[in-house]
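**Student:** Structure below; questions to follow.
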Amino acid sequence: MSTRPLSGVRVLDFGLLTAGANTSAMLADLGADVIKIESGAYLDPFRVVGKPDDNDGWWNRSPQFRFTNRNKRGLALNLKDKDGQRVIRELAAECDVVVENFRRGVLDRAGLGYKDLAALNPRLVFAAISSQGDTGPERMNVSFGSTLDATSGIAALTGYEGEEPRISGMDVNYPDQIVSLFATGMVITAVMEARRSGQGCFLDFSQREVASFTLGEEILAASADPSRAQRRSGNAQEGVAQQDTYKCKDGRWIAVTLAVADPTLAAFCAGRDSAAAVEVLLAKSIPAALCNDGVDVLRDKALAGVTLARDDKGGLVKGLPYLLDGKSIDIERAAPDLGQHTEAVLRDLLGYDDQALRRLADAGVTSTTPNMGEI
């Protein structure tokens with residue numbers, strides 16, 4: 001029996017890509033029983049984005065999907081089908097949390113929104129993650145990390161003086177990453193309150209607002225000095241004498257921050273290998289560090305099991321950004337194949353027998369063959 005902090009918490013997971021799926025993954029890492037809902041009619045897009053080949057079963061081999069869906073059970077249910085919707089309602093009655101980041105209104109139109117499910121289970125914590133939040137004139141806007149970088153104010157601050165604003169793009173998707181950290185903490189807090197009071201709640205997460213929240217000091221400064229609106233300064237920082245990246249003799253770059261400007265720093269770095277330059281600077285109490293890329297991070301044994309970990313199939317997965325009693329992430333199961341645990345979940349939680357399972361399968365409700373379309 002698991003003794004992890006969230007053991008006994010059950011999550012109905014409609015989370016997609018990073019924002020939703022990583023929220024539920026971190027809950028799973030802490031011991032929650034996370035049941036990921038997909039169907040042949042609507043896959044998590046990461047199964048498609050990371051498509052490795054055209055061979056049968058390609059949808060189960062995406063590295064991107066595996067990265068953010070470890071420690072979950074997979075259940076295939078078509079949410080367009082009335083029987084699929086009925087099964088979701090039955091599952092919601094047995095769960096503590098719902099996580100979703102569909103377009104606004106998708107679950108409401110299927111009769112599976114917060115009001116519908118809370119009527120069946122008043123202690124349910126419903127976490128809705130969206131680009132603009134659940135209210136307001138832009139709630140129906142389709143957004144990506146790039147557009148959220150733009151609307152939050154991040155892009156306006158990113159780049160060099162005189163150049164265009166910069167976006168983090170699909171390789172980083174910064175707003176998606178940070179909202180999952182905020183959402184995980186708030187879900188845990190809401191579950192604690194629901195268990196104390198017996199009353200769940202609706203959690204409304206706007207990725208744009210979370211991203212803007214991280215710029216609070218800059219927004220405050222802009223309110224006092226409107227001319228800051230178009231100010232980009234590359235690696236330089238107001239109030240810091242000298243801060244930049246410098247190329248070293250071995251071709252690698254290092255980041256350095258100086259309290260007192262030194263016009264010889266670039267030449268100093270160019271004449272030394274990166275590790276040696278960092279060592280000398282640190283010995284002088286000057287903040288300096290290597291600029292790592294993905295390969296460098298993989299080679300850093302100090303990050304093993306923290307920033308990155310491997311599942312039981314040897315695949316890389318995202319680690320936890322903290323240690324709990326000195327321990328990092330524990331991968332109990334790799335990311336599920338599409339619908340891998342459908343029968344087990346429906347038998348164990350809802351008591352379905354062979355006949356009931358066969359009826360759903362014959363109607364295509366639990367199909368695990370992709371027949372992709374919009375939900």
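The values are calculated or read from the model by the stated rules, or taken from the named source; none is laboratory data. The structure displayed is predicted, hence computed values, not measured ones. Backbone-built Cβ (ideal geometry, glycine too); neighbour counts: all protein chains shown. The protein model used for the area step is the full one, side chains on, heavy atoms only, and it has no ligands, DNA or RNA in it. Shrake-Rupley method; radii C 1.70, N 1.55, O 1.52, S 1.80 Å.
**Student:** Measure out, as a whole number of angstrom, how far apart the alpha-carbon centroids of the range 156-227 and the range 271-292 sit.
**Tutor:** Rounded to whole Å, the Cα centres lie 32 Å apart.
**Student:** What does DSSP give for the chain in terms of the percent of beta bridges that are antiparallel, rounded to the nearest 5?
**Tutor:** Working: 14 of 38 bridges.
Bridges in the chain that DSSP calls antiparallel: roughly 35 percent.
**Student:** Counting other Cβ atoms within 10 Å of each Cβ, which chymotrypsin sites (Phe, Trp or Tyr not before Pro) in the range 103-183 have at most 12 and sit in a DSSP loop?
**Tutor:** Working: sites: Tyr114, Phe126, Phe144, Tyr160, Phe182; in loops: Phe144, Tyr160.
Those satisfying the criteria are Tyr160.
**Student:** Counting only the heavy atoms of the protein chains, how much of Ser131 is accessible to a 1.4 Å probe, in Å² to the nearest 10?
**Tutor:** Per-residue accessible area (Ser131): approximately 10 Å².
**Student:** Any number yet on Rg/Rh for the range 1-78, C-alpha, Kirkwood? Please report the intermediate quantities before stating the final value.
**Tutor:** On the way: Rg = 12.9 Å, Rh = 12.8 Å.
Taking Rg over the Kirkwood Rh, I get 1.00.
**Student:** I need the GluC sites (Glu not before Pro) found in the range 72-166, filtered to DSSP loop residues with at most 16 other beta carbons within 10 Å of theirs. Mind showing how you got there, number by number?
**Tutor:** Working: sites: Glu90, Glu94, Glu100, Glu138, Glu161, Glu163; in loops: Glu94, Glu138, Glu161, Glu163.
For GluC sites (Glu not before Pro) across the range 72-166 that sit outside H, G, I, E and B with at most 16 neighbouring Cβ atoms in 10 Å, the list reads Glu94, Glu138, Glu161, Glu163.
**Student:** Hey, if you drop one equal point scatterer on each alpha-carbon of the range 173-307 and run the Debye formula without solvent, what base-10 log of I(q)/I(0) do you get at q = 0.10, 0.19, 0.21 Å⁻¹?
**Tutor:** Result of the Debye calculation: -0.59, -1.14, -1.19.
**Student:** Report the residue, chosen from Asn173, Asn71, Asn292, that carries the largest GNM mean-square fluctuation when the chain is represented by alpha-carbon nodes joined by springs under 10 Å.
**Tutor:** Asn292
**Student:** Highest GNM mean-square fluctuation, the chain, Cα pairs closer than 10 Å: which of Ala261, Ala361, Ala236?
**Tutor:** Ala261
**Student:** Rank-order 340-349, 239-248 by packing density, defined as the average count of other C-beta atoms within 10 Å over each peptide's residues, highest first. Don't jump to the answer; show the numbers that get you there.
**Tutor:** Working: 340-349: 17.6, 239-248: 14.4.
Descending mean neighbour count gives 340-349, 239-248.
**Student:** Given 20 °C and 1.002 mPa s, compute D for the range 80-137 with the Stokes-Einstein relation, Rh being the Kirkwood radius over Cα pairs; round to the nearest whole µm²/s. Mind showing how you got there, number by number?
**Tutor:** Numbers: Rh = 11.9 Å.
Taking Rh from Cα pairs, D becomes 181 µm²/s.
**Student:** At q = 0.06, 0.09, 0.11, 0.15 Å⁻¹, what is the base-10 log of I(q)/I(0) for the chain according to the Debye formula with one equal point scatterer per Cα and no solvent? Please give it to two decimals.
**Tutor:** Those come out to -0.28, -0.61, -0.87, -1.36, one per q.
**Student:** Among the lysines, which fall within straight-line cross-link reach of Lys327, defined as a Cα-Cα distance under 29 Å, with same-chain neighbours fewer than 8 residues apart omitted?
**Tutor:** Lys36, Lys72, Lys301, Lys313, Lys318
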